[in-house]
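In what follows, a structure is listed as structure tokens, so that the remarks can point back to it.
Bear in mind that the values in this text are calculations on the coordinates, not laboratory data. This structure is a prediction, so every number in the text was calculated from the model and none was measured. In this analysis, Cβ positions are derived from the backbone assuming ideal geometry, glycine residues included, and neighbour counts consider all displayed protein chains.
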Amino acid sequence: MKKGVVIIMAFAMAVLGTVQAFAQFTPEELAEHPKWEEFLRTAEIIKQDQLRGDQAVTSPWQLTLKSGDVVRDALWKNPVGKMAGYLEGWQYEIAAYLLDKYLGLNMVPPTIERRFHEDRGSIQLWIPDCITLKQKTEQKIKTPPVKIFNWNRCTYLQRAWDNLIANEDRHMNQILLTKDWRMILIDHSRSFRSSKKFTQELIYTEKHREGPKLMSELPRAFVEKVKALTFEGIKPVVGECLTDEEINAVLVRRVLILAEIDRLVQKNGEDKVLY
């Protein structure tokens, strides 16, 4: 095989790997996100069902929205304060989506503020044709061998994301799998903690309660975006969704994340940790 062809193929594989591991929504889907934000904001509510039970602690509403010929479901929620032992905040759902976009992660579905029953809350586009990681586990669905490499990279990226925003309650029902094995992350109302517990240590490290859960491999582009985070950069992005204290806590965790990445690089080599 000619050298030029090898270089082109290697470049194509690198681009493909970045798309699959760094932006879980496809370029076509991302191009439509502004449209879906407007849809969530203005579409007519034609059906509403409140969800309850063990997996719906905050009693969110599944809404069916219609605009013209377009009909889609969405999830509306407005938890505030302590519920089931956790501090909840609907505004954190919106902050997560805005920060996700700012970092170029593109793993969180479109989420905006909308009033429902005269109350303020967050509304998030429902992503169809997915299963949860819990369903995958319970149904013993095996990851196709060809998808394992990128799925592992998605998992490392999810850990880095949840470390940054201090999501203290990520579980398998909040990780969605698309039919082509992309990872979508939902439910961030228990994020953006600012207490010492979440500014002195990261959630996903060797000390994780379920055993070592490291950010073993991360995209260089993501790490550079984390390095560049500043208060002045985040504040206009998240607006009133986060307090100054919560933004500063993100920046404290930024330092911890970069220190952990440096540790992994020193231990395993830069080419093993960053891609």
Give the lysines reachable from residue 197 as a straight Cα distance under 21 Å; neighbours fewer than 8 places away on the same chain don't count.
82, 207, 213
Within 10 Å of each candidate Cβ there may be at most 10 other Cβ atoms; applying that plus a DSSP loop requirement, which trypsin sites (Lys or Arg not before Pro) in region 115-146 survive?
140, 142
Taking DSSP loops as anything outside H, G, I, E and B, show the longest stretch in the chain free of GluC sites (Glu not before Pro) there with at most 11 other beta carbons within 10 Å.
1-117
Angle between the chain longest axis and helix 90-103 axis [Cα atoms, degrees, rounded to 10]
30
Angle between the chain longest axis and helix 244-268 axis [Cα atoms, degrees, rounded to 10]
30
What translational D, rounded to a whole number of µm²/s, comes out for region 22-104 from Stokes-Einstein when the hydrodynamic radius is the Kirkwood one over Cα pairs, at 37 °C and 0.692 mPa s?
224
Sticking with the crude label model, points 7 Å out along Cα→Cβ, report the distance from residue 205 to residue 138 in nm, one decimal please.
3.4
For the chain, built as a Gaussian network whose Cα springs stay under 10 Å, the top-fluctuating residue of 77, 101, 196
196
Lysines whose Cα lies under 16 Å from that of residue 66, excluding same-chain neighbours fewer than 8 positions away
35, 47
Can you pull the one-decimal nm distance between simple spin-label points at residue 275 and residue 248, each 7 Å off the Cα toward Cβ?
3.8
With r as the distance between the Cβ atoms of residue 44 and residue 131 and R0 = 41 Å, compute the FRET efficiency 1/(1 + (r/R0)^6) and round to 0.05.
0.90
